[in-house]
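Below: one structure, written as structure tokens.
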Amino acid sequence: MRKNYAIGLCASACAALLLTHLGATAAGAETYTAKLSGLNAGVVGSQAAGEAIFTIDGDRLTIAVNADGLPPNMMHLQHFHGFKDGSDARCPDSAADKNGDGLIDLIETEAYAGTTMVPFHDEPATMEIPSDSYPKADADGSYRYEKAVSLKALQAAFAEKFGTGGLDLDRRVVFIHGIPADSKLPESAGSLGTIPPQVTLPIACGEIEKGK
């Protein structure tokens, strides 16, 4: 009887300790969120929307993106952009269309949001932008992406590329890119190098905020 009672007390105590540990882990996590709103909807044909959530728990950074209203059945590049000097990045507004062609192309976002920094594909810590492992929207124009990476590994790769290990998430913006390859765009639509503007055209943007 005493043995069973002791076992019961141990089980209760162990359960309490486990719950306390889990609660401490959850309480110690940092969360950053970006509410994604559509860009270039006139070309996209729909208003993209979604949310990007970044959760840091110890050395674990989990990146989750839920997006809807995208061009369906195609892969979409997604990244956070920012300035190398840590200045606050922001999503472009209609004034960003400097050449007046009715689009906000990738080049026109740079004054507002800086450069492409961390990709959200199968291996973000590689910092390699070209990849065929970005998420693909389904027939309804939606996708759900989630990837956990080592924060230290990502910071090291970030420092090697940009000279600082500070991700400064709350000073960055998230972009989703891409429309069908056969979409008609004006010749003035800008892109990087020889990459077609259809690939890099921003279709959603959100500013990352801490604790949202």
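The values are calculated or read from the model by the stated rules, or taken from the named source; none is laboratory data. Nothing here was measured: the structure is a model prediction, and the numbers come from that model. A quick note on method: Cβ atoms are made from the backbone with ideal geometry, for glycine too, and the neighbour counts reach across all protein chains shown. Side chains included, ligands, DNA and RNA excluded: accessible areas come from the protein's heavy atoms. Shrake-Rupley method; radii C 1.70, N 1.55, O 1.52, S 1.80 Å.
Given the condition part of a helix (DSSP H, G or I) and surrounded by 15 or more Cβ atoms within 10 Å (Cβ to Cβ), answer yes or no: does some residue in segment 87-105 qualify? Within segment 87-105, one or more residues are part of a helix (DSSP H, G or I) and surrounded by 15 or more Cβ atoms within 10 Å (Cβ to Cβ).
For segment 106-116, enumerate the residues that are touching a Ser or Thr at 6+ places or on another chain (Cβ under 9 Å) and surrounded by fewer than 17 Cβ atoms within 10 Å (Cβ to Cβ). Answer for segment 106-116, where residues must be touching a Ser or Thr at 6+ places or on another chain (Cβ under 9 Å) and surrounded by fewer than 17 Cβ atoms within 10 Å (Cβ to Cβ): just Ile107.
Inside segment 57-66, residues that are in contact with a Pro (Cβ under 8 Å, 6 or more places away or on another chain) and either within 14 Å of Ser142 (Cα to Cα) or open to solvent by 30 Å² or more (accessible area, probe 1.4 Å) (or both) make up a count of 1.
Determine whether segment 38-48 contains at least one residue that is surrounded by 15 or more Cβ atoms within 10 Å (Cβ to Cβ), at pLDDT 95 or above and not small (Gly, Ala, Ser). Yes, some residue in segment 38-48 is surrounded by 15 or more Cβ atoms within 10 Å (Cβ to Cβ), at pLDDT 95 or above and not small (Gly, Ala, Ser). Could you list, in sequence order, all residues of segment 186-212 that are open to solvent by 70 Å² or more (accessible area, probe 1.4 Å), in contact (Cβ under 8 Å) with a residue 12 or more places away in the chain and not in a strand (DSSP E or B)? Selection gives Leu192, Lys212.
Answer yes or no: is there a residue in segment 127-149 that is without any contact (Cβ under 8 Å) to a residue 40 or more places away in the chain and hydrophobic (A, V, I, L, M, F, W, C). For segment 127-149, residues without any contact (Cβ under 8 Å) to a residue 40 or more places away in the chain and hydrophobic (A, V, I, L, M, F, W, C): present.
Residues that are in a strand (DSSP E or B) and of a type in the set (Val, Ile, Thr) were ranked within segment 117-168; the one that is surrounded by the most Cβ atoms within 10 Å (Cβ to Cβ) is Val118.
Among the residues of segment 176-185, is there at least one that is at pLDDT 95 or above, touching a strand residue (DSSP E or B) at 6+ places or on another chain (Cβ under 9 Å) and part of a strand (DSSP E or B)? There is at least one residue in segment 176-185 that is at pLDDT 95 or above, touching a strand residue (DSSP E or B) at 6+ places or on another chain (Cβ under 9 Å) and part of a strand (DSSP E or B).
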